[in-house]
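J.: I'd like to ask some things about the structure below.
The values are calculated or read from the model by the stated rules, or taken from the named source; none is laboratory data. Keep in mind that what you see is a predicted model, and the values were worked out from it rather than measured. Note that each Cβ is placed from the backbone with ideal geometry, even for glycine, and that neighbours are counted across all protein chains shown. SASA here: full protein model, heavy atoms, side chains in, ligands and nucleic acids out. Shrake-Rupley method; radii C 1.70, N 1.55, O 1.52, S 1.80 Å.
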Amino acid sequence: QLHSDQDKGDGSLKYILSGDGAGTLFIIDEKTGDIHATRRIDREEKAFYTLRAQAINRRTLRPVEPESEFVIKIHDINDNEPTFPEEIYTASVPEMSVVGTSVVQVTATDADDPSYGNSARVIYSILQGQPYFSVEPETGIIRTALPNMNRENREQYQVVIQAKDMGGQMGGLSGTTTVNITLTDVNDNPPRFPQSTIHLRIPESSPVGTAIGSVKATDADTGKNAEVEYRIIDGDGTDMFEIVTQKDTQEGIITVRKPLDYETRRLYTLKVEAENTHVDPRFYYLGPFKDTTIVKISVEDVDEPPIFSRSSYLFEVHEDIELGTIIGTVMARDPDSASSPIRFSLDRHTDLDRIFNIHSGNGSIYTSKPLDREISQWHNLSVIAAEINNPKDTTRVPVYVRILDVNDNAPQFAVFYDTFVCENARAGQLIQTISAVDKDDPLGGQKFFFSLAAVNPNFTVQDNEDNTARILTRRNGFSRHEISTYLLPVVISDNDYPIQSSTGTLTIRVCACDSRGNMQSCNAEALLLPAGLSTGALVAILLCIIILLVIVVLFAALKRQRKKEPLILSKEDIRDNIVSYNDEGGGEEDTQAFDIGTLRNPAAIEDKKLRRDIIPETLFVPRRTPSAPDNTDVRDFINQRLKEHDTDPSAPPYDSLATYAYEGNDSIAESLSSLESGTTEGDQNYDYLREWGPRFNKLAEMYGGGESDKDTS
């Protein structure tokens with residue numbers, strides 16, 4: 001309540017209020033100065049408010065006293081319970097932890113004033129999770145309460161923690177939270193095999209590296225604490241088998257280390273150990289952290305293929321042995337207890353020429369064709385062995401046959417020698433050095449001897465004793481005009497047994513040389529040329545001759561081509577020809593064939609000329625033939641001329657049609673063409689055309705009908 005000393009109680013003064021919450025949270029009675037709260041005040045929202053009050057004259061509104069400031073402080077009451085920042089906590093602790101091991105700390109807060117009473121004093125207690133865990137009342141630290149808690153027995157725990165204010169006294173407010181606690185794994189369990197003895201089986205034909213089976217030891221731990229390493233520590237098969245740890249499945253895979261043989265050993269016993277790889281020293285007292293088991297492996301019998309006595313065979317044989325000679329024998333056996341007989345054969349893909357063969361019963365390899373070291377020095381064969389009772393099971397073995405050399409080839413010249421001797425050569429002059437080669441390969445190396453087949457007066461051979469020889473002249477001067485070439489037989493022999501020899505012939509040309517022995521010319525015709533003519537001049541002359549020959553050949557070819565081309569290519573060409581065969585003709589309307597009117601001109605034969613469409617190859621004088629009688633038919637006349645041309649040797653060889661300009665005098669039919677009809681004044685009677693046969697019916701109809709029409713008109 002506010003009261004001014006100037007207030008006389010007559011209502012002349014008025015109290016006003018300003019500041020925090022004035023008019024909303026706090027109001028003042030204008031007459032009495034009493035201050036009231038309009039609603040419930042929460043200290044946790046605002047602990048104090050600062051207000052200003054003043055008394056003024058109601059009529060003049062002037063202050064009667066200075067403004068005064070005062071603070072309203074809110075006293076706290078326990079109206080807030082403790083709260084945790086999280087509703088659910090998650091924590092973990094290793095299994096087998098000692099009592100009192102800290103797990104996690106939880107903290108609750110209280111919004112009440114900690115400086116006023118016990119409203120904000122929080123005490124922690126455990127509502128759920130005993131007797132496994134406990135909580136410190138003042139700090140909220142959760143600790144283990146039981147020793148040797150085993151994860152393998154129980155892994156998850158749920159603990160409920162309560163926080164209560166007022167120091168935990170009755171009447172205090174409280175809040176709770178849940179803590180999920182997980183026991184983490186430690187290596188406190190050794191591996192254990194579920195069986196003390198394990199039986200496995202494997203066929204004896206299993207190759208090295210084959211997996212026989214697996215063993216697995218169980219471990220109650222997890223993660224790296226459950227990792228196990230397997231090893232074979234004892235047994236009679238430690239050298240035949242090995243075990244490998246499979247990391248992802250934690251299994252031990254037993255594999256074959258060496259080839260198995262049922263006939264040698266049928267049962268193996270192994271002692272396998274499984275041991276943890278990560279052992280915690282704190283739990284050594286729970287050990288040992290390993291276990292063992294016995295693995296018995298039974299080898300099963302299978303029908304095995306034959307086995308050769310060697311992994312490969314090498315035979316050496318001379319190339320001159322007779323056909324059918326045995327070069328070697330391969331041996332194989334059946335490893336099974338039945339010991340079946342073996343059949344041998346050659347893989348013909350390794351002997352395509354069928355040079356060798358093999359005895360199917362005893363494996364003896366012999367020759368079936370002659371051998372030649374110079375063709376092939378090595379033969380790589382493949383021999384197949386199969387059981388007679390089970391031919392599908394086969395085994396192969398490589399057989400290498402080396403062909404040894406025999407001196408069966410004669411030496412020959414190493415290369416072809418182009419030898420010449422100068423005309424001015426002197427006796428004893430070197431003209432060629434020769435060497436030889438031999439396909440044979442003797443152990444002591446090649447050694448050749450050179451000699452002449454017969455004494456030669458012109459040349460001799462001198463052996464250099466290093467597989468070469470020199471060819472020397474025996475006289476002075478040679479003449480290519482007399483003899484241009486000499487043939488010199490040289491005998492070449494080797495020193496192996498039996499001695500082989502051959503005769504090679506050297507062709508020696510006689511050539512003109514300069515003073516230093518350089519060859520200039522080896523042709524005898526060169527002697528006829530002027531002495532001062534050089535090689536360049538000879539080449540120029542030769543080129544000119546070749547060019548002239550090419551020009552002549554081209555001219556002849558062009559001329560021959562022109563002979564086959566028509567002389568007249570114009571459409572106005574009026575030569576006589578036949579356009580089509582088996583055509584009667586179109587009468588007067590047909591002007592495209594030939595002008596038969598010229599046959600009526602006897603003088604035309606005098607103007608007979610050569611064909612104008614093709615150039616004649618030779619010119620000949622045309623022969624005159626007697627004119628046909630006046631009553632000779634045109635067909636007979638043409639047949640007669642055709643016969644003459646068939647027998648005429650000067651007639652062209654190509655197919656052609658000869659035309660003639662004379663048909664004979666006083667023909668019965670006279671002219672069949674209308675070209676000269678304008679020259680006749682009188683009318684003609686063409687009725688006789690009907691008597692000439694069906695070929696002239698068309699003409700008879702044309703000319704006969706015209707005559708009758710003319711008469712009627």
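J.: Out of curiosity, is T101 over 60 Å from the mean Cα position of the chain (by Cα), more than 30 Å from N187 (Cβ to Cβ) and hydroxyl-bearing (S, T, Y)? Full working, then the answer.
T.: On the way: over 60 Å from the mean Cα position of the chain (by Cα): yes; more than 30 Å from N187 (Cβ to Cβ): no; hydroxyl-bearing (S, T, Y): yes.
Criteria not met by T101.
J.: In the stretch 291-314, what residues are surrounded by fewer than 18 Cβ atoms within 10 Å (Cβ to Cβ) and either among the basic types (K, R) or not in a loop (DSSP other than H, G, I, E, B) (or both)? Before you say what the answer is, go through the steps one by one.
T.: Within the stretch 291-314, the first condition is being surrounded by fewer than 18 Cβ atoms within 10 Å (Cβ to Cβ), and the residues that meet it are 292, 294, 296, 298, 300-303, 307, 309-312, 314.
T292, I294, K296, S298, E300, I307, R310, L314 - these are the residues of the stretch 291-314 that are surrounded by fewer than 18 Cβ atoms within 10 Å (Cβ to Cβ) and either among the basic types (K, R) or not in a loop (DSSP other than H, G, I, E, B) (or both).
J.: Give the residue, chosen from R516, R562, R509, R474, that is at pLDDT 90 or above, basic (K, R) and open to solvent by 80 Å² or more (accessible area, probe 1.4 Å). Spell out how you get there, then give the answer.
T.: Numbers: R516 fails: at pLDDT 90 or above; R562 fails: at pLDDT 90 or above; R509 fails: open to solvent by 80 Å² or more (accessible area, probe 1.4 Å).
Just one listed residue meets the conditions, R474.
This table checks each residue for (1) touching a residue at least 24 places away in the same chain (Cβ under 8 Å); (2) outside the structural domain of M240 (by the TED database); (3) within 30 Å of A226 (Cβ to Cβ).
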residue: L267; (1), (2), (3): yes, no, no
residue: T277; (1), (2), (3): yes, no, yes
residue: D334; (1), (2), (3): yes, yes, no
residue: I342; (1), (2), (3): yes, yes, no
residue: L352; (1), (2), (3): no, yes, no
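J.: In addition: Please indicate, with yes or no, whether at least one residue in the stretch 55-66 is at pLDDT 80 or above, acidic (D, E) and more than 30 Å from P114 (Cα to Cα). Can you show your working first?
T.: Going through the stretch 55-66, the residues at pLDDT 80 or above turn out to be 55-66.
From the residues that got through so far, the ones that are acidic (D, E) too are 65.
Next cut, more than 30 Å from P114 (Cα to Cα) only: 65.
Yes, the stretch 55-66 contains at least one residue that is at pLDDT 80 or above, acidic (D, E) and more than 30 Å from P114 (Cα to Cα).
J.: Right, something else. Please go through the stretch 691-713 and give me each residue that is part of a helix (DSSP H, G or I) and at pLDDT 75 or above, ordered by number.
T.: E691, W692, P694, R695, F696, N697, K698, L699, A700, E701, M702
J.: Give just the number: which of (1) in contact with a Lys or Arg (Cβ under 6 Å, 6 or more places away or on another chain); (2) closer than 15 Å to M96 by Cβ; (3) open to solvent by 50 Å² or more (accessible area, probe 1.4 Å) does S174 not satisfy?
T.: The number of the failed condition is (2).
J.: Right, another one. Name the residue, out of A211, A226, that is surrounded by 14 or more Cβ atoms within 10 Å (Cβ to Cβ) and small (G, A, S). Working first, answer last.
T.: On the way: A211 fails: surrounded by 14 or more Cβ atoms within 10 Å (Cβ to Cβ).
Just a single option satisfies the conditions, and that option is A226.
J.: Considering only the stretch 381-494, give the strands (runs of 3 or more DSSP E) lying wholly within it that have at least 1 residues that are under 30 Å from D303 (Cα atoms). Break it down stepwise before answering.
T.: Details: elements: 394-404, 419-422, 430-437, 448-452, 459-463, 468-473, 485-494.
In the stretch 381-494, the matching strands (runs of 3 or more DSSP E) lie at 394-404.
J.: Still on this structure, please answer the following. Going by what's in this entry, would E136 be described as more than 16 Å from A91 (Cβ to Cβ) and of a type in the set (D, E)? Let's see the steps before the verdict.
T.: Numbers: more than 16 Å from A91 (Cβ to Cβ): no; of a type in the set (D, E): yes.
Criteria not met by E136.
J.: Shifting gears a bit: Where in the stretch 319-371 are there strands (runs of 3 or more DSSP E), lying wholly inside it, with at least 3 residues that are open to solvent by 20 Å² or more (accessible area, probe 1.4 Å) and within 15 Å of R396 (Cβ to Cβ)?
T.: Those strands (runs of 3 or more DSSP E) span 342-346.
J.: Okay, next question. Among the candidates S501, S484, single out the residue that is open to solvent by less than 90 Å² (accessible area, probe 1.4 Å), farther than 27 Å from D440 by Cβ and at pLDDT 85 or above.
T.: Selected residue: S484, the only one of S501, S484 that is open to solvent by less than 90 Å² (accessible area, probe 1.4 Å), farther than 27 Å from D440 by Cβ and at pLDDT 85 or above.
J.: In the stretch 123-175, which residues are farther than 25 Å from D185 by Cβ, among the aliphatic types (A, V, I, L, M) and part of a loop (DSSP other than H, G, I, E, B)?
T.: Matches in the stretch 123-175: M170, L173.
J.: Just need a number here: residues in the stretch 71-119 that are assigned to a strand (DSSP E or B), surrounded by fewer than 13 Cβ atoms within 10 Å (Cβ to Cβ) and among the hydrophobic types (A, V, I, L, M, F, W, C).
T.: 2
Here is a yes/no grid of residues against (1) part of a loop (DSSP other than H, G, I, E, B); (2) free of Cβ contacts under 8 Å to residues at least 40 places away in the same chain; (3) open to solvent by 80 Å² or more (accessible area, probe 1.4 Å):
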position	(1), (2), (3)
S4	yes, no, no
G11	yes, no, no
T24	yes, yes, yes
G33	yes, yes, no
E45	yes, yes, yes
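J.: Would you check if D463 is in contact (Cβ under 8 Å) with a residue 12 or more places away in the chain and crowded, with 16+ Cβ neighbours inside 10 Å?
T.: On the way: in contact (Cβ under 8 Å) with a residue 12 or more places away in the chain: yes; crowded, with 16+ Cβ neighbours inside 10 Å: no.
When the stated conditions are applied, D463 does not pass them.
J.: Looking at T269, T238, T245, T277 in this structure, which one is over 22 Å from S196 (Cβ atoms) and among the polar types (S, T, N, Q)?
T.: Details: T269 fails: over 22 Å from S196 (Cβ atoms); T238 fails: over 22 Å from S196 (Cβ atoms); T245 fails: over 22 Å from S196 (Cβ atoms).
T277 is the lone residue from the list that is over 22 Å from S196 (Cβ atoms) and among the polar types (S, T, N, Q).
J.: Please go through (1) touching a Ser or Thr at 6+ places or on another chain (Cβ under 7 Å); (2) over 30 Å from D440 (Cα atoms); (3) free of Cβ contacts under 8 Å to residues at least 40 places away in the same chain for H359 and return the number of the only condition it doesn't satisfy.
T.: So H359 meets the others, but not (1).
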